[in-house]
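All remarks here apply to the structure that follows.
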Amino acid sequence: MNVSFTKYISIAVLSLIFVSASSLATQHHSQRLDIFETAVADPSLTTLVTAIKAARLVDTLKGKGPFTLFAPSNGAFVKISEGTIGDLLRVENKEKLVATLTYHVVAGKLMAADLVKLNKAKTVQGGEIVIDTSDGVKINNATVIKTDIMTSNGVIHIIDTVVLPDM
């Protein structure tokens, strides 16, 4: 009976080691994905991925970085009018789409802990976003709903509203 108990404990310990190693490998693998690949892997960001492709910003978001992407969720795109989205996705309005998407990107890696120390940040588009941490974290009028999604070339924070630059 003592041998059976020892075997049981050994199997349990080996199982825990295997599960822990698998979990670490998965976490390590996800951190090797760049910002674009991470967005593609997230089912809540499919509209953003479509817009990034339409704007031909894939290579930019796969670049060296580091970048911080305030990624509007699919629900964020639902909040803006179909006309606005349709307008942005038209070929002749590619510059507006690029400006809108790059307004969601900050050069550098800003973790949630960094955001609480700031009140604004300059975007890749050239404009500034307002950061308000008085009640959660807001970027302009968008609430950050998920923070610190690590990537190989920066970090993603998912927001609930598309932030539009002055154009």
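Among the candidates 109, 62, the residue that is in the same structural domain as residue 40 (by TED's automatic domain parsing), surrounded by 13 or more Cβ atoms within 10 Å (Cβ to Cβ), of a type in the set (D, E, K, R) and touching a residue at least 60 places away in the same chain (Cβ under 8 Å) is uniquely 62. Contact map, the range 33-46: residues that are farther than 19 Å from residue 63 by Cα paired with residues that are assigned to a loop (DSSP other than H, G, I, E, B), Cβ distance under 6 Å, separation 6+ or inter-chain. Pairs shown: 44/73. Could we say that residue 84 is closer than 15 Å to residue 159 by Cβ and over 12 Å from the mean Cα position of the chain (by Cα) here? Against the criterion (closer than 15 Å to residue 159 by Cβ and over 12 Å from the mean Cα position of the chain (by Cα)), residue 84 does not qualify. Only one entry in 70, 77 is modelled with pLDDT of 95 or more and within 19 Å of residue 164 (Cβ to Cβ), namely 70.
The values are calculated or read from the model by the stated rules, or taken from the named source; none is laboratory data. Bear in mind that the values here come from a model prediction, so they are computed numbers and not experimental data. Cβ coordinates were reconstructed from backbone atoms using ideal geometry, including for glycine residues, and neighbour counts include every protein chain displayed.
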